[in-house]
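*Asks:* Quick one: this structure, given as structure tokens, is what I'll be asking you about.
The values are calculated or read from the model by the stated rules, or taken from the named source; none is laboratory data. Note that the coordinates shown come from a computational prediction; the quantities given were computed from them, not determined experimentally. No Cβ is skipped: glycine too gets one built from the backbone with ideal geometry, and neighbour counts run over all protein chains shown.
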There are 4 protein chains.
Amino acid sequence: MKLAGVFPYLVSPVDRDGGVMEEPLRRLVSHLVDAGVHGLTPLGSTGEFAYLGWAQKKRIVEIVVSETRRRVPVVAGVASTSTHDAAAQTGALVEAGADAILAILEAYFPLGEDGVEAYFRAIASAAKGRTVVLYTNPQFQRSDLSLAVIERLSHVQNIGYIKDASTNTGRLLSIIERTRGRMEVFSASAHIPACVMMIGGVGWMAGPACIVPRQSVRLYDAAKAGDWRAAMELQRPLWRVNEIFAKFSLAACIKTALNLQGFAVGEPIPPQAPLGDAARAEIEAVLRGVGALGEGAVGAVPAARR
Amino acid sequence: MKLAGVFPYLVSPVDRDGGVMEEPLRRLVSHLVDAGVHGLTPLGSTGEFAYLGWAQKKRIVEIVVSETRRRVPVVAGVASTSTHDAAAQTGALVEAGADAILAILEAYFPLGEDGVEAYFRAIASAAKGRTVVLYTNPQFQRSDLSLAVIERLSHVQNIGYIKDASTNTGRLLSIIERTRGRMEVFSASAHIPACVMMIGGVGWMAGPACIVPRQSVRLYDAAKAGDWRAAMELQRPLWRVNEIFAKFSLAACIKTALNLQGFAVGEPIPPQAPLGDAARAEIEAVLRGVGALGEGAVGAVPAARR
Amino acid sequence: MKLAGVFPYLVSPVDRDGGVMEEPLRRLVSHLVDAGVHGLTPLGSTGEFAYLGWAQKKRIVEIVVSETRRRVPVVAGVASTSTHDAAAQTGALVEAGADAILAILEAYFPLGEDGVEAYFRAIASAAKGRTVVLYTNPQFQRSDLSLAVIERLSHVQNIGYIKDASTNTGRLLSIIERTRGRMEVFSASAHIPACVMMIGGVGWMAGPACIVPRQSVRLYDAAKAGDWRAAMELQRPLWRVNEIFAKFSLAACIKTALNLQGFAVGEPIPPQAPLGDAARAEIEAVLRGVGALGEGAVGAVPAARR
Amino acid sequence: MKLAGVFPYLVSPVDRDGGVMEEPLRRLVSHLVDAGVHGLTPLGSTGEFAYLGWAQKKRIVEIVVSETRRRVPVVAGVASTSTHDAAAQTGALVEAGADAILAILEAYFPLGEDGVEAYFRAIASAAKGRTVVLYTNPQFQRSDLSLAVIERLSHVQNIGYIKDASTNTGRLLSIIERTRGRMEVFSASAHIPACVMMIGGVGWMAGPACIVPRQSVRLYDAAKAGDWRAAMELQRPLWRVNEIFAKFSLAACIKTALNLQGFAVGEPIPPQAPLGDAARAEIEAVLRGVGALGEGAVGAVPAARR
């Protein structure tokens, strides 16, 4: 399966008792598909995968798959410290209708390169032919995919993509040069999407795309067309969204922004705290600045009126 | 409940399919209680809590509680990123017979002091009066308990202990001075137990005690009696055990050592790798050096003969 | 003074007794100016500023200024932990003929934002109207210039540039957006120069430009002309040079490469070790791959024949 | 030369123009020797070695040697990134009368074990038979002395001591066990001196001893006599001094405390900032709490009256 374009990381709306809130999740999915995004990614960092139990994770993917109705691919996150558990999750999410798997390794004790490679190979095997996207995030994870391991994994038939959430854009070029023809690169919110497209990336998987989907698609289209001047004109103001996303806790930031836009997706999962008033005001100002809040901005009923 | 003395962190014997291996776990529990340890701690770092699912965790605590037969207290580990999940685990483990809870916070996104405090308070509430031991391990966890939060938590009625797995022994004295009369301190394998006892600690919770239980109890007795010369004589050779424990991956090291001693506890949970021959030989030499391997050393049938 | 384009960080040829080797330094300067670089930067990281005493530093700048004969600007590095010392160095290097100052803060104890700001303001004052380029390198330095401090410093009249040696390209866009009209950004070897140019940078200051000056100038010209397709075609093979520069110790890598190219610039300053044979072979292969070694590559007499 | 006991790290009184303030330095030296300390250590971390030029360093050692009049040994700090420079400093400080050398490695680029070892061997050679004390401080330095390198260096005839400024007390026991009979260990302020003495240390080199010299000597005497109960009674309140030393910037903290005690040693070297009122008040309270401020506490004329 070919993946390219803008893939928002979906937030995971969960109530105080741990129940998945189906309706706001469906509304968000529907809204994003209507806005033209090229795929959806539940259970990424922004989706608080690290705070969810298995039952919650499965339920979220089922809802997203159901609401998406195959209009765009659903790339579901699998994250674990254990190979056995990761393979089991993978099988179940494919069963639940995921079109592709975003493979995330969590580590507690330090792990050697062989262990890292074996973990991702096990997910690829369990994916029954579905496409696998490797995920690296050195900021929050204790292990990392080295260039050598990435190169080896690029030879696995159904490992076709990597999404790198480091801030090191040069590393992406190193990956691209080493895996050409076998693996494609997605940007993350910590990179400048226009730059990643210019060096050969195929799109981005990122939390901010949840709150600026139309703007993100316009930027993608300009970059895809090689119109770098237009791309940078769109990129500059959008970068503010990535800045606040990095500044405030990821999930808290996107949930706050979505609430401001009228999607009642709830609060971040405790012990994470909801953002304070100052953060909320800063997020609101940024949203207004990029036309993502206010009259007709998202077409959603403001939370206050619901 | 008063806790003091040597509390081995139990390994978690799990087979390739994720099944808990009951018999070797029972033998280990029985052996350690017979060797005179003062308590047992399933589901610590050495117990690979980070690699286990909830069903495995519950089963392990049930087996340990059943085999211990209340001869010594069982302090079961609760670890989560989510407050709701941690409270649920706590309730279930108390139900399963745990005498006390070792409370471990995992973090993915950075967490403020208020969030950290709320997490541990929630566990204390869910423990239904059972004693709670705070656990800090800045090496493997992304959040840390600051002195200010520890001091505040020491005022919670059933939070009576803290086990600090940093290597910073001075921090223990700072904790002791701030919480005197309300909280007691356990050493970890990264500290020198004799030193921690001298500055006012009440014992240690540590993986190495699984493989040198009798030697650990002798050291504790000397320190308890204030015989620091004898304590240091016992401590010096034992420190080699802590050194290899830090050098090799914790769970892999203790599982390897137990296998050498005749306890067929299996391998570390993949993608962790079993230790190689050089590590195995080094561990064997250290065990021999402290009389923890060979004729009559542990009274267990060598694995090879089983 | 307007600065833009390719500014190689010069190595510092120093013999075993600490003597500055004048002749190879002059040859290198002359060669680079002839190759079309837009400026020269002695006493950067690649110039081993951290390993040189003041007498050596002063001598190096004098030689570079003398050999350059004002054909291109010389941006001399000033680095210190002490404000007083940094100001004194600045005054003396301006006196010695430096056209601009690259201002580097070293820290031992943690330093607050006010201290960081005061340090750079003191250098700007001591520069007697000469242009100052801020330098940040979070990898090797213990303090860092925050966005807030950079913004405040951009209002200082003669602080006109910043060179950021982090690997975080997004940070450069954040700086550009905040300082537009007051400060320009230079890339470092840890960023992809073509990307930095696209987001609004004015060039790069980097060690690798010492060994691929002509190729660097061609890349700069393509980017300057907005021909991003051509820029990326030149950038891809050149990125290998940046990769080996990051992989091997910076100064050791560039000195090794220059020796291979026929510039007898000596070894890195002890206790740094010269690179081994494997590293040397890898560097040689990369140089050949980009046409920076072999027949007519650099126009220099091979070291072996000298 | 045998070294043992309490060795205060002297602050370096320097005026705004970089001039060494001779009189307060002489008064401090005289006061500490009278208070019974067993040696003096100029140019350690607390002595702001990282902020001083060579002329200042040499002058400070000359003053300390002259005022000490051989009543106790003077262990002068040598710190550099460069082997050649470190050897030159060593020779000059021995010439200036230093009884022993505290050898400090600064690093900018990462350094291999061979480079680290060669650096310290070069200092030992340059010391003309004078005793060398190795210094490790992983908190502020980029390189570290591994156990393997320490063991190798312990075989060098005149490398007789190591002072470890990590917070990892267990590492000290590992060093002691590996170098017995060849090398002795000094504690730093980040360790609990009573603990380090119990595991076999011979004293401590630390900034706080500047402000509580008499109390430090009493603690040393109790520990030396093996009276650990008395030692811990003295240690508990003194630990507060080490806590504030770690909390506030080292040199700023000790200079502030000395000024409060009537020693006009000036401010920390800019861009380090003087401590604010809150910090000053906290330091004052701690000093009073251990009897190091107030009527007859230090026998010095209060700064206000001078």
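*Asks:* Looking only at the range C:230-244, count every residue that is in contact (Cβ under 8 Å) with a residue 40 or more places away in the chain, surrounded by fewer than 18 Cβ atoms within 10 Å (Cβ to Cβ) and among the aliphatic types (A, V, I, L, M) and tell me the total.
*Replies:* 0
*Asks:* On the given criteria, is B:V64 farther than 22 Å from B:D144 by Cα, in contact with a helix residue (DSSP H, G or I) (Cβ under 6 Å, 6 or more places away or on another chain) and touching a residue at least 40 places away in the same chain (Cβ under 8 Å)? Reasoning before the result, please.
*Replies:* Details: farther than 22 Å from B:D144 by Cα: yes; in contact with a helix residue (DSSP H, G or I) (Cβ under 6 Å, 6 or more places away or on another chain): yes; touching a residue at least 40 places away in the same chain (Cβ under 8 Å): yes.
Considered against the rule, which asks whether it is farther than 22 Å from B:D144 by Cα, in contact with a helix residue (DSSP H, G or I) (Cβ under 6 Å, 6 or more places away or on another chain) and touching a residue at least 40 places away in the same chain (Cβ under 8 Å), B:V64 comes out as yes.
*Asks:* Please work out which residue is surrounded by the fewest Cβ atoms within 10 Å (Cβ to Cβ), limiting yourself to the range A:168-193 and to residues that are part of a strand (DSSP E or B) and in contact (Cβ under 8 Å) with a residue 40 or more places away in the chain.
*Replies:* Filtering the range A:168-193 for residues part of a strand (DSSP E or B) gives A:168, A:184-187.
This time we only want the ones that are in contact (Cβ under 8 Å) with a residue 40 or more places away in the chain, so: A:184, A:186.
Working: A:E184: 22, A:F186: 31.
So the residue we want is A:E184.
*Asks:* Filter the range C:245-274 for residues that are over 22 Å from D:E106 (Cβ atoms) and in contact with a Pro (Cβ under 9 Å, 6 or more places away or on another chain) and give the result.
*Replies:* C:F245, C:T256, C:A257, C:L258, C:L260, C:Q261, C:G262, C:F263, C:A264, C:V265
*Asks:* Further, regarding this structure: Does C:R71 qualify as being touching a helix residue (DSSP H, G or I) at 6+ places or on another chain (Cβ under 8 Å), surrounded by fewer than 21 Cβ atoms within 10 Å (Cβ to Cβ) and not in a helix (DSSP H, G or I)?
*Replies:* Numbers: touching a helix residue (DSSP H, G or I) at 6+ places or on another chain (Cβ under 8 Å): yes; surrounded by fewer than 21 Cβ atoms within 10 Å (Cβ to Cβ): yes; not in a helix (DSSP H, G or I): yes.
Considered against the rule, which asks whether it is touching a helix residue (DSSP H, G or I) at 6+ places or on another chain (Cβ under 8 Å), surrounded by fewer than 21 Cβ atoms within 10 Å (Cβ to Cβ) and not in a helix (DSSP H, G or I), C:R71 comes out as yes.
*Asks:* Conditions first: (1) more than 9 Å from chain D (Cβ to nearest Cβ); (2) under 22 Å from D:R229 (Cβ atoms); (3) touching a residue at least 40 places away in the same chain (Cβ under 8 Å). B:I211 passes all but one, so which condition is the exception?
*Replies:* Evaluating B:I211 over (1) more than 9 Å from chain D (Cβ to nearest Cβ); (2) under 22 Å from D:R229 (Cβ atoms); (3) touching a residue at least 40 places away in the same chain (Cβ under 8 Å) leaves (2) as the failure.
*Asks:* Under 8 Å between Cβ atoms, at least 6 apart or on separate chains: pull out the pairs that start in the range C:7-34 with a residue that is on the phi > 0 side of the Ramachandran plot and end on any residue that is surrounded by fewer than 23 Cβ atoms within 10 Å (Cβ to Cβ).
*Replies:* Here the result reads C:G18/C:G53; C:G18/C:Q56; C:G18/D:H84; C:G18/D:D85, each pair linking the range C:7-34 to a residue that is surrounded by fewer than 23 Cβ atoms within 10 Å (Cβ to Cβ).
*Asks:* Only one of (1) under 15 Å from the mean Cα position of the chain (by Cα); (2) at the interface with chain A (Cβ under 10 Å from one of its Cβ atoms) fails for C:W239. Which number is that?
*Replies:* It is condition (1) that C:W239 fails.
*Asks:* Consider A:G296 carefully, then state whether it is at pLDDT below 90 and not in a helix (DSSP H, G or I). Don't jump to the end; show me each part of the working.
*Replies:* Working: at pLDDT below 90: yes; not in a helix (DSSP H, G or I): yes.
So A:G296 passes the test.
*Asks:* Among the listed residues D:A188, D:A222, identify the single one that is within 26 Å of B:S189 (Cα to Cα) and within 13 Å of chain B (Cβ to nearest Cβ).
*Replies:* D:A188
*Asks:* Further question on the same structure: What are the residues in the range A:194-214 that are surrounded by fewer than 24 Cβ atoms within 10 Å (Cβ to Cβ), small (G, A, S) and under 18 Å from A:L260 (Cβ atoms), if any?
*Replies:* Matches in the range A:194-214: none.
*Asks:* Among the residues of the range B:260-275, how many are more than 13 Å from B:P13 (Cβ to Cβ) and either among the small types (G, A, S) or facing another protein chain (nearest Cβ under 8 Å) (or both)? Walk me through it before giving the result.
*Replies:* Taking the range B:260-275 as the starting set, the residues that turn out to be more than 13 Å from B:P13 (Cβ to Cβ) are B:260-262, B:270-275.
When the remaining residues are screened for being either among the small types (G, A, S) or facing another protein chain (nearest Cβ under 8 Å) (or both), the result is B:262, B:270-273.
Looking only at that region, the number is 5.
*Asks:* Shifting gears a bit: Restricting to the range D:79-128, count the residues that are away from chain C (no Cβ under 14 Å) and assigned to a strand (DSSP E or B).
*Replies:* Selection size over the range D:79-128: 3.
Conditions tested, residue by residue: (1) modelled with pLDDT under 95; (2) within 29 Å of A:D15 (Cα to Cα); (3) in contact with a Cys (Cβ under 7 Å, 6 or more places away or on another chain).
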{"site": "B:S80", "(1), (2), (3)": "no, yes, no"}
{"site": "B:Q89", "(1), (2), (3)": "no, yes, no"}
{"site": "B:P110", "(1), (2), (3)": "yes, yes, no"}
{"site": "B:E117", "(1), (2), (3)": "no, yes, no"}
{"site": "B:F120", "(1), (2), (3)": "no, yes, no"}
{"site": "B:P138", "(1), (2), (3)": "yes, no, no"}
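*Asks:* Something else about it: Out of all the residues in the range D:23-34, is one or more part of a helix (DSSP H, G or I), at pLDDT 95 or above, farther than 30 Å from D:A223 by Cα and more than 14 Å from chain C (Cβ to nearest Cβ)? Don't jump to the end; show me each part of the working.
*Replies:* Going through the range D:23-34, the residues part of a helix (DSSP H, G or I) turn out to be D:23-34.
Cutting the leftovers down to at pLDDT 95 or above gives us D:23-34.
Then drop every residue that is not farther than 30 Å from D:A223 by Cα, which leaves D:23-24.
Imposing the further condition that a residue be more than 14 Å from chain C (Cβ to nearest Cβ) reduces the set to D:23-24.
Yes, the range D:23-34 contains at least one residue that is part of a helix (DSSP H, G or I), at pLDDT 95 or above, farther than 30 Å from D:A223 by Cα and more than 14 Å from chain C (Cβ to nearest Cβ).
*Asks:* Ok, one more. From the set of residues in the range D:8-22 that are of a type in the set (D, E) and modelled with pLDDT of 95 or more, which is farthest from C:A88 (Cα to Cα)?
*Replies:* Filtering the range D:8-22 for residues of a type in the set (D, E) gives D:15, D:17, D:22.
Next cut, modelled with pLDDT of 95 or more only: D:15, D:22.
Details: D:D15: 15, D:E22: 23 Å.
Checking each candidate, the answer is D:E22.
*Asks:* Something else now. Quick one: C:A100 ticks every box in (1) among the small types (G, A, S); (2) without any contact (Cβ under 8 Å) to a residue 40 or more places away in the chain; (3) closer than 23 Å to C:E62 by Cα bar one, so which box is it?
*Replies:* (2)
*Asks:* Still on this model: Which members of the range A:129-159 meet the condition of being under 26 Å from B:L275 (Cβ atoms), assigned to a loop (DSSP other than H, G, I, E, B), in contact with a strand residue (DSSP E or B) (Cβ under 8 Å, 6 or more places away or on another chain) and not charged (D, E, K, R)?
*Replies:* The answer is A:Q141, A:S143, A:L145.
*Asks:* Could you check how many residues of the range C:35-52 are outside any helix (DSSP H, G or I), among the hydrophobic types (A, V, I, L, M, F, W, C) and without any contact (Cβ under 8 Å) to a residue 60 or more places away in the chain? Outline the logic, then answer.
*Replies:* If we filter the range C:35-52 for residues that are outside any helix (DSSP H, G or I), which is where we start, we get C:35-48, C:52.
Those left that are additionally among the hydrophobic types (A, V, I, L, M, F, W, C): C:35, C:37, C:40, C:43, C:52.
Narrowing the set further to residues that are without any contact (Cβ under 8 Å) to a residue 60 or more places away in the chain leaves C:40, C:43.
Residues that pass the stated criteria total 2.
*Asks:* For the range A:67-81, give me each residue that is closer than 22 Å to B:A50 by Cβ and in contact with a Gly (Cβ under 8 Å, 6 or more places away or on another chain).
*Replies:* Here is the first cut: in the range A:67-81, the residues closer than 22 Å to B:A50 by Cβ are A:77-81.
Of everything in the range A:67-81, just one residue is closer than 22 Å to B:A50 by Cβ and in contact with a Gly (Cβ under 8 Å, 6 or more places away or on another chain), namely A:G77.
*Asks:* For A:V133, indicate whether it is touching a residue at least 40 places away in the same chain (Cβ under 8 Å), at negative phi, more than 14 Å from chain B (Cβ to nearest Cβ) and touching a Leu at 6+ places or on another chain (Cβ under 6 Å). First the steps, then the outcome.
*Replies:* Numbers: touching a residue at least 40 places away in the same chain (Cβ under 8 Å): yes; at negative phi: yes; more than 14 Å from chain B (Cβ to nearest Cβ): yes; touching a Leu at 6+ places or on another chain (Cβ under 6 Å): yes.
Against the criterion (touching a residue at least 40 places away in the same chain (Cβ under 8 Å), at negative phi, more than 14 Å from chain B (Cβ to nearest Cβ) and touching a Leu at 6+ places or on another chain (Cβ under 6 Å)), A:V133 qualifies.
*Asks:* If I ask for residues that are farther than 24 Å from D:R214 by Cα and either of a type in the set (D, E, K, R) or surrounded by 24 or more Cβ atoms within 10 Å (Cβ to Cβ) (or both), which ones from the range D:270-290 would you list?
*Replies:* D:P271, D:Q272, D:D277
*Asks:* Out of the range A:194-207, which residues are assigned to a helix (DSSP H, G or I), closer than 19 Å to A:V37 by Cβ and either within 12 Å of chain C (Cβ to nearest Cβ) or without any contact (Cβ under 8 Å) to a residue 40 or more places away in the chain (or both)?
*Replies:* Going through the range A:194-207, the residues assigned to a helix (DSSP H, G or I) turn out to be A:194-198, A:207.
Remaining after also requiring closer than 19 Å to A:V37 by Cβ: A:194, A:196-197, A:207.
Of everything in the range A:194-207, those that are assigned to a helix (DSSP H, G or I), closer than 19 Å to A:V37 by Cβ and either within 12 Å of chain C (Cβ to nearest Cβ) or without any contact (Cβ under 8 Å) to a residue 40 or more places away in the chain (or both) turn out to be A:A194, A:V196, A:M197.
*Asks:* Please determine, by comparing only the residues of the range A:150-167 that are at pLDDT below 95 and surrounded by fewer than 21 Cβ atoms within 10 Å (Cβ to Cβ), which one is nearest to A:A79 (Cα to Cα).
*Replies:* Taking the candidates together, the pick is A:S166.
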